[in-house]
Amino acid sequence: LIVNIKIRTANGQNLFIKQLVVSRYGLFLIETCHYRSTIYGSNHQVKWLSEGKRHSTVFINPSMAHKPSCVILAEYLQIPLKVIEVISVFTGNSKLPIPLPKNSCKTDSLIKSIAEHKTVRINPSLLPDIILLLQSDRRSLDPQINKS
């Protein structure tokens, strides 16, 4: 788990990632969603609904909302986009739809949700370089990961 990652791209964009799990099974960008309501949405819906007793809120599917961050991260690390996943963790009294949308869970199920990924997607020998890059103070989009 790496927290508070700051990346500045070559074109001046800034990316801040609060929590990222790095493993041979992929990189998992953890998006914490604070809602006290029932959540309605599915994998392919762009807009989700948070409906409570007093009000309703429409919000963007967290996996889709964070795709641009995944693209920037993949470019920064020079890895395929397909190895990065967003996991939406709903806190508090939120109620999620059944079946659960892909990569969505309650706080107490986060480890289980990550553990469901069993296919090795990143060469384990690259992990130390990836971790070092993410923990470093480098801000440019020119990291050097030895892919051999």
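The values are calculated or read from the model by the stated rules, or taken from the named source; none is laboratory data. This structure is a prediction, so every number in the text was calculated from the model and none was measured. So basically every Cβ, Gly included, is an ideal-geometry build from the backbone, and we count neighbours across all protein chains shown. Heavy atoms of the whole protein, side chains included, go into the accessibility calculation; ligands, DNA and RNA do not. Shrake-Rupley method; radii C 1.70, N 1.55, O 1.52, S 1.80 Å.
Couple of notes before you dig in:
- Net length gained if the chain between Phe59 and Gln13 were fully extended (0.36 nm per residue, minus Cα distance): 14.2 nm
- Distance between modelled label sites at Ile131 and His44, nm, 7 Å Cα→Cβ extension: 3.9
- Measuring against 23 Å, Cα to Cα, the residue pairs Lys6/Lys47; Lys18/Lys102; Lys95/Lys118; Lys53/Lys95; Lys18/Lys82; Lys6/Lys102 contain Lys6/Lys47; Lys95/Lys118; Lys6/Lys102 as the ones spanning a longer distance.
- Only one residue of Leu81, Met64, Gly92 has its Cα farthest out toward the positive end of the dipole of the chain, where Lys and Arg carry +1 and Asp and Glu -1 on Cβ, and that residue is Gly92.
- Applying 1/(1 + (r/R0)^6) with r as the Cβ-Cβ distance of Gln78 and Glu116 and R0 = 22 angstrom yields a FRET efficiency of 0.25.
- Cα-based helix-to-principal-axis angle, 67-77 vs the chain, degrees rounded to 10: 20
- Note on the chain: Kirkwood hydrodynamic radius from all Cα pairs is 16.3 Å, rounded to one decimal.
- Surface accessible to a 1.4 Å probe, per residue, for the residues of the chain, Å²: 60
- Taking Cα centre as origin and charging only the Cβ of basic (Lys, Arg, +1) and acidic (Asp, Glu, -1) residues, the dipole magnitude of the stretch 46-134 rounds to 400 debye.
- Relative contact order (%) - criterion: Cα under 8 Å, at least six apart; region: the stretch 1-136: 28
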